[in-house]
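A.B. asks: I'd like to ask you about the structure that follows.
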Amino acid sequence: MYIEKINLTNFRNYENQEINFNKNINIFYGNNAQGKTNMLEAIYLCAIGKSYRTNRDKELININSEYAKTSVEYTKKDRKGKIEISLTNKKNIYLNDIKLNKISEILGNINIVLFNPDDINIFKEGPSRRRKLLDIMISQLKPVYVYNLNMYLRVLEQKNNYLKQIKYENKKEELLDIWETKLADYAEIIYNYRKKFTEELMKKAIEIHYKITKGKEKIKIKYISDFTNKEEFLKKIKNNRKIDILKGYSSVGIHRDDMKLYINDKEIGIFGSQGQHRSAILSIKLSELEIIKEETEENPILLLDDFMSELDKERRENFLEDVNNTQIIITCTDKLELKNENKKIFYVENGHVNT
Ligand SMILES: Nc1ncnc2c1ncn2[C@@H]1O[C@H](COP(=O)(O)OP(=O)(O)O)[C@@H](O)[C@H]1O
Ligand SMILES: [Mg+2]
């Protein structure tokens, strides 16, 4: 699939901007803080329904305005489509001019894979960003996953509230059974999705990483969860009841899941060099690309933020050869010298894009 154009109205540092994309390579270059990443963020917003840089939609609205609008027109194998998002105090999403009831209904229309320079450190930090990465990868393919995840989180919140009520208001402990059973039901669904996806991801990543590192490195992905099966899970939760009541939150559950990565059997989070972190996340993203391709029978759009500057000329060309037939939107500070003829170059300056 590919994006034909995007329209930005009062989005971040843009006022009114239309951009017509090339089907293949698009290069946006310009100095820092001019609006390159903002433009990628707008595409991401139209694909996922929220920004990856902030949870506060208000930040996306131009500082001198009360509302913002982004719309993306795209072409798939069998249809064209348009996603429009308007932001005021509220977020409204339209698919082909029809308002969506739920934000999650946006998923699966525009498929993207984003290379965000911040992701390089994802295996050095705590598990929450890795969970988020996993959640977004799965949600793009299985919108029903989002529903189940949200239900789990809602039940978890209710259960946590009840834990506090037991502690402070002497509520009955037995009533926890209901929340725990509900939690286990949703946990099982989430666990199965995550397990299946991480297995698929590893299968692809092993091959891709082997190639990227010219056979020097073997990558392994391990999905880590408190869940094994419902019975065991419930047992673990109940064993932790006393502690959880004291703490006022749930110390066991799939809200603590993690994904660990090993290079040649050494955990990357502990032993990995900067270069290894970089190529590992690259392998993961390229694996995601392959999975989306297989499941949707469409090539997702690649968004590469400041990514090419990390690679030397030869690696860049190799990389682009590997992902041919894919629409690529690249941002960088220098006009990239690329052999590939099929490209369009844009110059970004202070919220204006010119070809
Ligand atoms: N809501 C907003 N209103 C106006 N300007 C904004 C808003 N949010 C961010 N900006 C501006 O956008 C610029 C950063 O754009 P960005 O796309 O991240 O830069 P880069 O070109 O380096 O990728 C900064 O100058 C910042 O002040
Ligand atoms: Mg940037």
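What follows draws every value from the coordinates through simple rules; no lab data is involved. What you see is a predicted model, and the numbers here were worked out from it, not measured in a lab. With ideal geometry, Cβ positions are generated from the backbone for all residues, glycine too; neighbour counts draw on all protein chains shown.
A.B. asks: For a Förster distance of 30 Å, can you work out the FRET efficiency between the beta-carbons of R56 and K339, rounded to the nearest 0.05?
C.D. replies: Details: r = 42 Å, r/R0 = 1.39.
That gives a FRET efficiency of 0.10.
A.B. asks: Take region 120-297, compute every pairwise Cα distance, and split them into 5 Å bins from 0; I just need the percent in each bin.
C.D. replies: 1, 8, 16, 18, 16, 13, 11, 8, 5, 3, 1, 0, 0
A.B. asks: Now a separate question. Starting from the eigenvalues of the Cα gyration tensor, five times each then square-rooted, give me the equivalent ellipsoid semi-axes of region 23-87, largest first, whole Å. The partial results should precede the final answer.
C.D. replies: On the way: eigenvalues 97, 61, 20 Å².
Equivalent-ellipsoid dimensions as semi-axes: 22, 17, 10 Å.
A.B. asks: To the nearest 10 degrees, how steep is helix 176-212 against the longest Cα principal axis of the chain, on a 0 to 90 scale?
C.D. replies: Rounded to the nearest ten degrees, it is 40.
A.B. asks: Starting from a Cα-only point model with no solvent, please compute log10 I(q)/I(0) by Debye for region 158-238 at q = 0.15, 0.19, 0.21, 0.26 1/Å.
C.D. replies: -0.67, -0.84, -0.93, -1.13
A.B. asks: Follow-up question, since we're still on this one. In degrees between 0 and 90, to the nearest 10, how far off the longest principal axis of the chain does helix 128-141 point, with axes built from Cα atoms?
C.D. replies: 70
A.B. asks: How much length is gained on full extension from N31 to D185, taking 0.36 nm per residue of separation minus their Cα-Cα distance?
C.D. replies: Values: separation 154, 0.36 × 154 = 55.44 nm, distance 5.04 nm.
So the extension gain works out to 50.4 nm.
A.B. asks: Work out, in µm²/s and without decimals, the Stokes-Einstein translational diffusion coefficient of the chain at 25 °C, 0.890 mPa s, Rh from Kirkwood over C-alpha pairs. Could you put the intermediate results ahead of the total?
C.D. replies: Details: Rh = 22.0 Å.
Taking Rh from Cα pairs, D becomes 112 µm²/s.
A.B. asks: For the peptides 132-138, 268-274, what is the packing order when you average, over each peptide's residues, the other Cβ atoms within 10 Å and list the highest mean first? Please list the in-between numbers first.
C.D. replies: Values: 132-138: 18.7, 268-274: 14.1.
Result, highest mean first: 132-138, 268-274.
A.B. asks: Give me the tail of P(r) for region 244-355 as a percent: Cα-Cα pairs with distance above 22 Å. Please report the intermediate quantities before stating the final value.
C.D. replies: Details: 3342 of 6216 pairs.
Result for the distance tail: 54 percent.
A.B. asks: How compact is region 62-124 by the rule of thumb for globular proteins, expressed as Cα Rg over 2.2 N^0.38 Å?
C.D. replies: Working: Rg = 15.0 Å, N = 63, 2.2 N^0.38 = 10.6 Å.
Against the empirical 2.2 N^0.38 Å value, I get 1.41 for region 62-124.
A.B. asks: Let's see if you can work this out: charge +1 on each Lys and Arg Cβ, -1 on each Asp and Glu Cβ, no other charges. What is the dipole magnitude of region 68-128 about its Cα centre, in debye to the nearest 20? Spell out each step's value before the answer.
C.D. replies: Details: 11 positive and 8 negative charges, 64 e Å.
Roughly 300 debye, rounded to the nearest 20.
A.B. asks: Can you list the residues, at least 5 places off or on another chain, whose amide H is less than 5 Å from the amide H of N62, using H built in the peptide plane?
C.D. replies: F11, R12
A.B. asks: Okay, next question. With unit charges on the beta carbons (Lys and Arg positive, Asp and Glu negative) and the dipole taken about the Cα centre of the chain, which residue among Y249, I212, I122 sits farthest to the positive side?
C.D. replies: Y249
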